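Everything below concerns the one structure shown next.
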Amino acid sequence: INKWTITSLILLVCFIIFSNVWIIQSSKKKIYNSITETPKGNNVALILGTSRYTTKGYTNLFFKYRIEAAVKLFRSGKIKHIIVSGDNSLKSYNEPKEMLKALIKEGIPENAITLDYAGFRTLDSVIRCKKVFGQNKFIIISQRFHLERALFIAKKYDIDAIGFSAQDPPEKYSTKTRIREYFAKTLAVIDLYIIHKKPKFLGKKELIKI
């Protein structure tokens, strides 16, 4: 291995560490995990999508806990409307519809839920919440490690967002996801500050009025 390869690897590692520290530090004061401590005034929540089931057919705990968090916020009166945003790029795979069904099963009225079928990535979900659904002040619901990145994106787009942290699955359950998140945070910095990545699809406005 020549010195240029070693130098490049060192720079890459430094960039990954820098990206992760920057994103975590910039968002830590905006994440809540207690209903009572969560500020009022954010009528809309954005649930970030994930698959309802694992590849082995079991319930995905990331999905389950995000739904539970949204239901708690709604029942407490902290939110009045929920946007479910996820991937629907295949006919057989529909994250928003699965979230809708899960929320209705928990007693959330269907007219209090808006489906965003073009939340292909976290970046798309957050930006579309502002540009398509007309929201500039909302609560994002996901696990803490995911919220850090989502809030970083929101800040870059001058969105007044806070995060509500859904329960984390056991550590062994989420090892791969957490490792992937290190690189996702790095990619977020590249997307926002180097290549200025835009959402895959915006389309016409669907303003939500509360």
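The values are calculated or read from the model by the stated rules, or taken from the named source; none is laboratory data. What you see is a predicted model; the values in this text were computed from it and never measured. Glycine also receives a Cβ, built like all others from the backbone with ideal geometry; neighbour counts cover every protein chain displayed. Surface accessibility is based on the protein's heavy atoms, side chains included, excluding ligands, DNA and RNA. Shrake-Rupley method; radii C 1.70, N 1.55, O 1.52, S 1.80 Å.
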- prompt: For the stretch 33-49, which residues satisfy the criterion of being open to solvent by 30 Å² or more (accessible area, probe 1.4 Å) and either among the basic types (Lys, Arg) or within 14 Å of the chain's Cα centre (by Cα) (or both)?
  reply: 40
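Residues 154, 150: which one is free of Cβ contacts under 8 Å to residues at least 60 places away in the same chain and touching a strand residue (DSSP E or B) at 6+ places or on another chain (Cβ under 8 Å)?
Answer to the selection: 154.
Do we find a residue being open to solvent by 80 Å² or more (accessible area, probe 1.4 Å) and assigned to a helix (DSSP H, G or I) anywhere in the stretch 158-168?
no
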query: In the stretch 7-25, is there at least one residue being outside any helix (DSSP H, G or I), farther than 17 Å from residue 190 by Cβ, over 16 Å from the mean Cα position of the chain (by Cα) and not β-branched (Val, Ile, Thr)?
result: no
query: Where residues in the stretch 50-70 are of a type in the set (Val, Ile, Thr) and surrounded by fewer than 17 Cβ atoms within 10 Å (Cβ to Cβ), which of them is modelled with the highest pLDDT?
result: 59
